[in-house]
1. At 7 Å along the Cα-to-beta-carbon direction for both Lys151 and Ala192, put a label point, then send me their distance in nm to one decimal.
2. Leaving ligands, DNA and RNA out of it, work out the accessible area of Arg34 with a 1.4 Å probe and give it in Å² to the nearest 10.
3. For Asp220 and Ala173, what is the calculated FRET efficiency with R₀ set at 25 Å and r taken between the beta-carbons, to the nearest 0.05?
4. Excluding residues on the same chain fewer than 8 positions from Lys91, give the lysines whose Cα lies under 18 Å from its Cα.
5. Find out how many positive minus negative residues lie around Asp122, taking Lys and Arg as positive, Asp and Glu as negative, among other residues whose Cβ is under 13 Å from that of Asp122.
6. Taking amide H positions as placed 1.01 Å from N in the peptide plane, with prolines and chain starts having none, which residues 5 or more places from Gly83, or on another chain, fall under 5 Å of its amide H?
7. Hey, which lysines would be in cross-link range of Lys229, C-alpha to C-alpha under 22 Å, not counting anything within fewer than 8 residues on its own chain?
Amino acid sequence: MTRTRKIVLGAVSAIVIVVAVAAVFIGYQVHHGRAVPPARAGTIRVASVGDSITYGSVFTPADRYPDQLEGLLGEGYSVRNFGAIGYTLQKAGDHPYWEHPYFQLSDAFEPQIVLIMLGTNDSKPQNWAGIERYNTDLRALIAHYQGLPGKPRVVLMTPPSAFLVKGRSELPAAMNAEHVVEMAASVKAIGAELGLTVADVHAATAPHPEFFQMDGVHPDGAGQGLIAKTVFDALAAGGAGASRTP
């Protein structure tokens, strides 16, 4: 065997090992999540509840919207990420958030503010059974967090817009952009009905397909920054900006 061939085979083997390890790591993260650091003493605790869009990239953790939001809010806030990859708001979905460890951990965090952004995975054909089931479970999740002993403030976030990327004929896992639009409208309506602050991430991201070039669903760092800014503005407008308590 020539030296060049040995080098090539070695490089291929290294790549295979890296991919295999990454697959195992990501697979574990999907159903178990990563450790969530405790809040800093004396800060307002903010729990970011969501799916893989909230979870963000394992390769660029600083880009995740909860991390960027903490930077915007300032030292008085501890924003923690409870995003679960591939999970749904609906209890009858293929992976209900209600059954993920982060659901219990978000309670144990004793949040003072809870941000809810779930719905993108609900748009998949195996999960979608009409907007009413989604609405019922959204109301139930709101009531759950409002019923915690600390009575946290619940803030709703519409799911981001979804885009067809050049060269693709459909969204990942056949996610349905029309259902996402329908859910966004419902989130705003339920928020208005219950008197909750709503961060309209769907409207904010709609003009920016350039932030979703990976697959049309998951935003890059700039897109995550836009989400963070949209939530920050909604919190500030509702009375919980960088220098105000909820």
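The values are calculated or read from the model by the stated rules, or taken from the named source; none is laboratory data. Please read these numbers as outputs of a predicted model, since none were measured by experiment. We place every Cβ from the backbone using ideal geometry, glycine too, and count neighbours over all the protein chains shown. Surface areas here come from the heavy atoms of the whole protein model, side chains and all, with no ligands, DNA or RNA. Shrake-Rupley method; radii C 1.70, N 1.55, O 1.52, S 1.80 Å.
1. For the pair Lys151/Ala192, the computed spacing is 2.7 nm.
2. Roll a 1.4 Å probe over it and Arg34 shows about 50 Å².
3. On the way: r = 19 Å, r/R0 = 0.77.
Efficiency, from the Cβ-Cβ distance: 0.85.
4. Lys124
5. On the way: positive: Lys91, Lys124, Arg133; negative: Asp51, Asp94, Glu132, Asp137, Glu178, Glu182.
Here the count lands on -3.
6. Gly50, Tyr55
7. Lys188
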